[in-house]
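The values are calculated or read from the model by the stated rules, or taken from the named source; none is laboratory data. Note that the structure is a prediction, hence the values are computed from the model and not measured. Ideal geometry is used to build each Cβ from the backbone, glycine not excepted, and the neighbour counts take in all protein chains shown. Please note that ligands, DNA and RNA were not included when accessible areas were found on the heavy atoms of the full protein model with its side chains. Shrake-Rupley method; radii C 1.70, N 1.55, O 1.52, S 1.80 Å.
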Amino acid sequence: MIPMERMTKRSEPYVLAAIIVLSLLIQVRSGQFFSGNNLVDLARSLIVPGLFSVGCMMVIVSGGVDVSFPAIASLAMYVTDKILLASNYSGNVILAYAISAGLGLLMGALNGFLIGFLRLPTLVVTLGTSSLYTGLMYGAFSASASDVPLAIAMHGKEILFTATNPTSGLTSNMPVHILILIGVLILAFFLLRYTMLGRGIYAIGGDEMAAERAGFNVRGIKMFLYCFVGVLAGITGIVRISMMSYADPSTMLGMEMTVIAAVVLGGTRVTGGMGTLTGTILGVTLMTILSNSLILIGIPSYWTRVFTGAVIIIGTGVTAHQTITTRRRHAQAYKAAA
Amino acid sequence: MSAPVLKVEGITKSFGGVQALRGVSLDIAPGEIHCLAGENGSGKSTLIKVISGVYEPDVGWIEIQGQRFSHLNPKEAISLGIQVIYQDFSVFPNLSVMENLALNNELMDKRRFMNYRRARAIASNAISQIGFEVDLDERVENLTVADRQLIAICRALLQEAKLIIMDEPTSALTKKEVKALFAVIKGLQARGLSILFVSHKLDEVFEISERYTILRNGENVASGSTADLDRKTFAFHMTGRQFEDEYYKTPTMKGEPILSVRGLTLHGAYSDISFDLSAGEILGITGLLGSGRTELVETLFGILQPDAGQILIRGKESRIKSVKDAIRKGIGYVPSDRLTEGLFLPQAVDRNLVVTVLDRVSNRLGFLRHSQIAEMCQKWISEFSISVKSPDFPVMTLSGGNQQKVVVARWLATDPSILILNGPTMGVDIGSKYEIHVLLRELAAKGMAIIIVSDDLPEVLACASRILVMRAGAFVQELDPAVTTESKLSELSTGIA
């Protein structure tokens, strides 16, 4: 059991409370929130940002920041799409995932090399590679919205179940891709909590010099981390285009900011060393509700950006305030003891 | 005496053209507490790094338990039982106490997976070794500095340390914590461990160690039994200079007081404080941490606002509204923690020097006049003999003493009539300390009114013309340093006879 005092210092309970309040509010005003189709719609919209947020959280925990994952996802899925279309591929969708993940791995490895081995600052490197990959996509591959191979299109139509709204008759399908998100979450949970590699990511985020002295392979861990983000981005790219049934090169670009905001909102410390998967998913859920469901109570969609901004500022403000007050309390205790 | 646990002989090491060590030798017996002393730049850190395998010496050898090596790598040093506790303790602030204790061990065993039950067992074993009581699930960032240090010590014990090297272990501790640390060190000694205690603080060397080695400019200058060492020879070996004990006498230029404080009160910090300060005086305020001394001077500098009482400057009642206001009224303040409050460490020396007087070195449009800045910096650097290769070197490349001179010089640039220094020589080596004391006496003799807040009692005795002792937020007594002793001072400030 986690003691109560330690519980109130974490941000997960606050985010969860915000989600509950918000969903009850929407339910009371519209009566539509807790309908089956709305919940399935929410889960559906959660998949892509959810997948991105896992890698993003791990990078922030290690003390870095990655803004290149949407660009990696876009270029990886687009090249995969073109290769499969050109070769008239008619087999299983697994190959699409494999190629895209492989391309993501290569692109992530470039980040990992520049950051882990040349020790360049993470934000600058990933801003650079993000621009590089986007540029390649539009320049070298003259990307524009394109069809997807049959395998990917069929994969996008695989559903687990359908939810119907009894009053309006609207239906929503739960795509199989939710299983990929669940699988990635389980894998990441195990990795972060039960492997030395995962503990190393936290250790580097706490104090990189101390991690080195303790015997962690800091370069290796960073290399792994950015490769992992790359692979995850490659997979996410295929998830996205199969759910949309066409390959739009620009569909994911710009998502980095909302994903990073969701991760930070979920309690991941911007300076590194702290962050949980639970918090991250709660953060993504809150952001998704804001962008998906405010429309149910008649708030025009452009206002959702205002709400999103406010939630980010309030959310991170609360966390910052807590840190300051705990520190002050410790300083006082320290003075009293001296 | 049994075979030494560590013996180094004739170690020479140079970096580029700089000779950091010239033929240094050192030996430590099992169960011995050995003190390695020397000023900044004397080669202490280089020697530690040679012993712990970070640097490879150019000449010389290292012998550990009878085995002779021309050089070591860090892993070998650890497996031979040598552990270094760095000044920053190398802990992970974001992780639990348990993980901090167990991770190194698990990495040494080349584990791939984290087993929390095993980690807990390792950690509780580690803390029980020195009887350290701490919540294993607490995050290390929530612990005090002293507790973090104990974690680093426990972690060293887990690696079967035979020799623990502590690099300036007391620099961030309170007196009480230092006492507790010394008890732990004695306990380790009783178990047969050897300690190499790196310090430049004389009192600690006397209190804890049996033998000492002093380095100066990368050479052995003295070593032997601590019992044979006295204050003067220690200072001489450290600096190569002779110091005279001096007392400061107020010159006869008193007149009306520059600063008068009447019944000043800040709830929870101090109450009913009254005193006068005249030109040419050095007022020493001493007391324990938490006695209200820092809050008092921060009030005089406009950082805190008093709840009651008056401050009179040249007989006129004044309210010091802000730091800016204090500077305008001719008050300068050198804070106690120069690293976080006093200096812009990565910035160049010249920028640090002029930051208080930017309005005086800029033209009407607000652009800086660089020739004037250069001239001014040159003047301060030579006047204070700040040793820096060029004014555009970052302040963090300077030694503690030189950094402190930069802070003091910066305030003198504002021409204050009242200068307040909080812990003026904390963490400064003996040579620079002496120079700073001489400087303060000169400034006072020229007519500046100075307040020193310090718990370094010899310093207060040597510099102040008058001493006020604070305890629990009130002045307990005023003393004349010429007829006061250190023990009298510490008696008054602790309230324990």
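A few points about this structure:
- Taken over region B:179-201, the criterion of being more than 18 Å from the chain's Cα centre (by Cα) and outside any strand (DSSP E or B) is satisfied by B:180, B:183, B:184, B:185, B:186, B:187, B:188, B:189, B:190, B:191, B:192, B:193.
- Total residues in region B:96-148, condition over 15 Å from residue A:202 (Cβ atoms), within 29 Å of the chain's Cα centre (by Cα) and of a type in the set (Ser, Thr, Tyr): 1
- Against the conditions (1) open to solvent by 10 Å² or more (accessible area, probe 1.4 Å); (2) within 10 Å of chain A (Cβ to nearest Cβ), residue B:92 satisfies every one except (1).
- Reported count of residues in region B:130-149, each being open to solvent by less than 50 Å² (accessible area, probe 1.4 Å), more than 10 Å from chain A (Cβ to nearest Cβ) and assigned to a loop (DSSP other than H, G, I, E, B), is 4.
- Residue in region A:155-176 that is closer than 21 Å to residue A:75 by Cα and open to solvent by less than 80 Å² (accessible area, probe 1.4 Å) present: yes
- Filtering A:229, A:218, A:259 for residues that are open to solvent by less than 20 Å² (accessible area, probe 1.4 Å), within 14 Å of another protein chain (Cβ to nearest Cβ) and touching a residue at least 24 places away in the same chain (Cβ under 8 Å) leaves a single hit, A:218.
- When region A:194-208 is filtered for residues that are open to solvent by 50 Å² or more (accessible area, probe 1.4 Å) and facing chain B (nearest Cβ under 7 Å), only A:194 remains.
- Qualifying residue in region A:143-154 (condition: in contact (Cβ under 8 Å) with a residue 24 or more places away in the chain, in contact with a helix residue (DSSP H, G or I) (Cβ under 8 Å, 6 or more places away or on another chain) and assigned to a strand (DSSP E or B)): yes
- Evaluating residue B:100 against the criteria (1) within 11 Å of chain A (Cβ to nearest Cβ); (2) surrounded by fewer than 20 Cβ atoms within 10 Å (Cβ to Cβ); (3) not aliphatic (A, V, I, L, M) leaves one unmet condition, (2).
- Of all residues in region B:272-309, those that are part of a loop (DSSP other than H, G, I, E, B), within 17 Å of residue B:330 (Cβ to Cβ) and open to solvent by less than 50 Å² (accessible area, probe 1.4 Å) total 6.
- Of residues in region A:60-78 being among the β-branched types (Val, Ile, Thr) and in contact with a Leu (Cβ under 7 Å, 6 or more places away or on another chain), the one nearest to residue A:231 (Cα to Cα): A:67
- Just one of the numbered conditions (1) at pLDDT below 90; (2) more than 18 Å from the chain's Cα centre (by Cα) is not true of residue A:312: (2).
- Strands (runs of 3 or more DSSP E) wholly inside region B:4-49 that include at least 3 residues being surrounded by fewer than 18 Cβ atoms within 10 Å (Cβ to Cβ) and aliphatic (A, V, I, L, M): none
- Just one of (1) away from every other protein chain (no Cβ under 12 Å); (2) open to solvent by 70 Å² or more (accessible area, probe 1.4 Å) fails for residue B:111. It is (1).
- Filter pass, residue B:19 being closer than 30 Å to residue B:144 by Cα and within 27 Å of the chain's Cα centre (by Cα): no
- Condition met for residue A:211 (of a type outside the set (Lys, Arg), farther than 29 Å from residue A:93 by Cβ and modelled with pLDDT under 95): yes
- Of all the listed residues (A:100, A:74), the sole one being part of a helix (DSSP H, G or I) and within 16 Å of the chain's Cα centre (by Cα) is A:74.
- Residues satisfying the criterion are present in region B:83-97 (criterion: touching a Lys or Arg at 6+ places or on another chain (Cβ under 9 Å) and assigned to a helix (DSSP H, G or I)).
- Where residue A:187 falls short, out of the listed (1) open to solvent by less than 80 Å² (accessible area, probe 1.4 Å); (2) of a type in the set (A, V, I, L, M); (3) more than 16 Å from residue A:243 (Cβ to Cβ): (1)
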